[in-house]
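The values are calculated or read from the model by the stated rules, or taken from the named source; none is laboratory data. On a predicted model such as this, the values are computed, not experimentally measured, just so you know. Positions of Cβ are backbone-derived with ideal geometry, glycine not excepted, and every protein chain shown enters the neighbour counts.
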């Protein structure tokens, strides 16, 4: 890529990899951003990936379990999930979450 | 690092590298996140860095100039700034902006 790109999130395609979990993606050369809107009660099953992840809770109440430790997160919470850590999530309310990954999530393209 | 880290943004130290530009940082092994609050009228002078950057306008009206091209940005705008691109910014209103960088901004630690 290596050129400037400008997106309007509201115009990006929305995907729904899990029922009630709507997401839009932006990929740069080295990072993927994921903008999630979760309906209340949505469960994200345990998974892991070799990518480093930073999760930003922008709104709502989100439960995140990483390698067996459960965090109760609210707006303003930022969590670094190391590569290959097993994690799962649950939206206790409607939530807006922004994740960043390095390197690019090729599986999300 | 390679371990889980959990931050509450409101408890992180606030820096003010430019008058009227308050920022909090979170660093992982491979990325730096910068959470900016700009007062109206703040100018960020031209600069560049070898890091790839993704800027997310969360609120307000922000003018971003990259390699001579000026973008008028609002909430929901996402811009990829390539490595070494010369860029400058201006907060037309109070703004909340989240930047992500790869690799880590060692100069921001």
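So here's what we get for this one:
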read-out: Filter pass, residue B:57 being at pLDDT 95 or above, facing chain A (nearest Cβ under 9 Å), under 24 Å from residue A:5 (Cα atoms) and in a strand (DSSP E or B); value: no
read-out: Selected residue (criterion: nearest to residue A:55 (Cα to Cα)) from residues of the range B:88-109 that are at the interface with another protein chain (Cβ under 10 Å from one of its Cβ atoms) and surrounded by 21 or more Cβ atoms within 10 Å (Cβ to Cβ); value: B:100
read-out: Enumeration of residues in the range A:30-74 that are surrounded by fewer than 14 Cβ atoms within 10 Å (Cβ to Cβ) and within 23 Å of residue B:53 (Cα to Cα); value: A:50
read-out: Condition check for residue A:83: in a strand (DSSP E or B) and either surrounded by fewer than 14 Cβ atoms within 10 Å (Cβ to Cβ) or in contact (Cβ under 8 Å) with a residue 12 or more places away in the chain (or both); value: no
read-out: Verdict on residue A:77 being surrounded by 20 or more Cβ atoms within 10 Å (Cβ to Cβ), closer than 22 Å to residue B:96 by Cα, in contact with a helix residue (DSSP H, G or I) (Cβ under 9 Å, 6 or more places away or on another chain) and at the interface with chain B (Cβ under 7 Å from one of its Cβ atoms); value: yes
read-out: Strands (runs of 3 or more DSSP E) fully within the range A:1-46 counting 3 or more residues that are facing chain B (nearest Cβ under 7 Å); value: A:5-8
read-out: The range A:65-74, subset facing chain B (nearest Cβ under 9 Å) and assigned to a strand (DSSP E or B), residue farthest from residue A:42 (Cα to Cα); value: A:69
